[in-house]
Amino acid sequence: MKAVIGSHRAYYKLRVCQEAIWEAFRIFLDRVPDSEEYRSWVYTCQHENLCMDDLAKNFSSSQEHLDMVARVSAHHIRSHTKSIGNHLHMNYLLNTLISALIHTFYTRVYYRENSAKKPQTTPKLPPRSGSALPPL
């Protein structure tokens, strides 16, 4: 019985490490790892008892990740600053925040007023205001 449980735990750890490493490469480095680096990271994950935060710190502090972030940020800032300007972006952020606060307020009021009975429909909320500009 102990051997079966131990086998299940080892398999579970292997699968979790495989998935975590694959996602770390995808998210932090935006690429598929080569076979050897993938095997190396999975082995490290399995045998050094790394938690998800350790993996995130390792990948996010790698030079490859820092270079990618700098490259993408510089491109993003250049392209958006030229077209919309910082004041429009701040306006967008403020409008989004205000809309979220209004939405939260109306939702709380609706559920507080209808707390005695189970709500049957979603409350009608005012349309969200603000520009359709993407955040920087």
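The values are calculated or read from the model by the stated rules, or taken from the named source; none is laboratory data. Please read all numbers here as calculations on a predicted model, not as lab measurements. Neighbour counts are summed over all protein chains in view; Cβ atoms, including those assigned to glycine, are modelled from backbone coordinates with ideal geometry. Surface areas here come from the heavy atoms of the whole protein model, side chains and all, with no ligands, DNA or RNA. Shrake-Rupley method; radii C 1.70, N 1.55, O 1.52, S 1.80 Å.
For this structure, a couple of remarks:
- Measuring with a 1.4 angstrom probe and ignoring ligands and nucleic acids, residue 76 comes out at about 60 Å² accessible.
- Efficiency of FRET from Cβ geometry, residue 23 and residue 3, R₀ 30 Å, rounded to 0.05: 0.45
- Approximating the spin labels as points 7 Å out from Cα along Cα→Cβ, the residue 94-to-residue 71 distance works out to 3.7 nm.
- Of the GluC sites (Glu not before Pro) in the stretch 21-59, the ones in a loop by DSSP (not H, G, I, E or B) with at most 15 other beta carbons within 10 Å are 48.
- Solvent-accessible ranking of 93, 50, largest area first, probe 1.4 Å: 93, 50
- Whether the stretch 29-69 is rounded, prolate or oblate, judged on the alpha carbon gyration tensor where a/c under 1.5 counts as rounded: oblate
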